[in-house]
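Chemist: Can you read through this structure? Questions will come right after.
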Amino acid sequence: MDEQLEKAMYPIGRYKTPERYDPQMQDEWINEIEALPNWLDHVIENLDAAHLEVPYREGGWNTRQVIHHIADSHINAYVRHKLTLTEDNPTVKPYDEQRWALLPDVEIVPVNVSITMVHAMHRRWGVMLRNLEPEDWERTYYHPEDDALVPLWTSVDMYAWHGRHHMEQIRSLRERMGW
Ligand code: NI
């Protein structure tokens, strides 16, 4: 892939699963999950309606779609984590994120509504994760598309990355555009 495109798509690099589980990382993962709503408040500050419609790269989502996508994705993640904590190896439901991003709510609802959802949901998510028993972190869910058992700690690490990843797409777009 073209280097500039790679940088626009993956401003903090692609996700890489850590080679081994380090429980000392829990705090950092949860801190990032708890910080995301405030980062989102900040990253869209002073953007007008026209700015929100500019794709962050050619053929990519615009800021409006990226913000709603974060809410859509993290609702799924939160449900997956709750299932993991209450069932043995639950099979989670994949969803078509590209088609979700084209539904009417993403078109019509202001982005700050999704950021408010993220504030509320991440508050609960953070409290849930902060109060787990050590063994809970190694519980797993089954992801049918990847045909993989995913430990909770991997998933938490991945979603901490995911929030930062999309926030940085918007932040670096603003930087490139001088907004
Ligand atoms: Ni995403």
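The values are calculated or read from the model by the stated rules, or taken from the named source; none is laboratory data. Computed from a predicted structure; not experimentally measured. So basically every Cβ, Gly included, is an ideal-geometry build from the backbone, and we count neighbours across all protein chains shown. For the accessible areas, the whole protein counts, side chains as well, though only heavy atoms, and no ligand, DNA or RNA atoms are used. Shrake-Rupley method; radii C 1.70, N 1.55, O 1.52, S 1.80 Å.
Chemist: Loop-only GluC sites (Glu not before Pro) in segment 1-108, please: DSSP not H, G, I, E or B, and at most 10 other Cβ atoms within 10 Å. Display every interim value, and only then the final one.
Modeler: Numbers: sites: E3, E6, E19, E28, E32, E34, E45, E53, E58, E87, E97, E107; in loops: E19, E45, E53, E58, E87.
Of the GluC sites (Glu not before Pro), the ones in loops of segment 1-108 whose Cβ has at most 10 other Cβ atoms within 10 Å are E19, E45, E58.
Chemist: Tell me the accessible surface of D96 in square angstrom (1.4 angstrom probe, heavy atoms of protein chains only), to the nearest ten.
Modeler: Roughly 80 Å² of D96 is accessible to a 1.4 Å probe.
Chemist: Sorting H119, H42 by accessible area (1.4 Å probe), largest first, what list results? Present the calculation step by step, with values, prior to reporting the outcome.
Modeler: Numbers: H119 65, H42 130 Å².
Of H119, H42, the descending order of accessible area is H42, H119.
Chemist: Quickly work out the A148-to-K93 label distance, labels modelled 7 Å from Cα along the C-beta direction, and quote it in nm with one decimal.
Modeler: 2.3 nm
Chemist: Using a 1.4 Å probe on the protein chains only, how many percent of the accessible area of the chain belongs to carbon and sulfur? Mind showing how you got there, number by number?
Modeler: Details: 5140 of 10160 Å².
The C+S portion of the solvent-accessible surface of the chain is 51 percent.
Chemist: So what is the accessible area of segment 23-177 per residue, in Å², with the probe set to 1.4 Å?
Modeler: Numbers: 8110 Å² over 155 residues.
Accessible area per residue: 52 Å².
Chemist: Given the -39500 (n - 2.57) contribution per DSSP H run of 4+ residues, what per-residue ellipticity at 222 nm results for the chain, rounded to the nearest 500 deg cm²/dmol? Mind showing how you got there, number by number?
Modeler: Numbers: 8 runs with 108 residues, N = 179.
Per the formula, -19500 deg cm²/dmol.
Chemist: Which one of G178, G59, M9 has its Cα pushed farthest toward the positive end of the charge dipole of the chain, where Lys and Arg give +1 and Asp and Glu give -1 at the Cβ?
Modeler: G178
Chemist: A follow-up question, please. Once you keep just the Cα pairs under 8 angstrom separated by 6 or more residues, what percentage relative contact order results for the chain? Present the calculation step by step, with values, prior to reporting the outcome.
Modeler: Details: 168 pairs, mean separation 66.9, N = 179.
Normalised by residue count, the contact order of the chain is 37 percent.
Chemist: From the protein chains alone at 1.4 Å, what is the descending order of accessible area for W179, W125, largest first?
Modeler: Numbers: W179 80, W125 0 Å².
From most accessible down to least: W179, W125.
Chemist: Run the dipole for the chain about the Cα centre, Lys and Arg Cβ at +1, Asp and Glu Cβ at -1, nothing else charged, and hand back the magnitude in debye, nearest 20. Don't jump to the answer; show the numbers that get you there.
Modeler: On the way: 18 positive and 31 negative charges, 71 e Å.
So the dipole magnitude of the chain works out to roughly 340 debye.
Chemist: Taking only the alpha carbons of segment 54-179, what extent do you get along each of the three principal axes, in Å, biggest first?
Modeler: Principal-axis extents of segment 54-179 (Cα, largest first): 47, 28, 24 Å.
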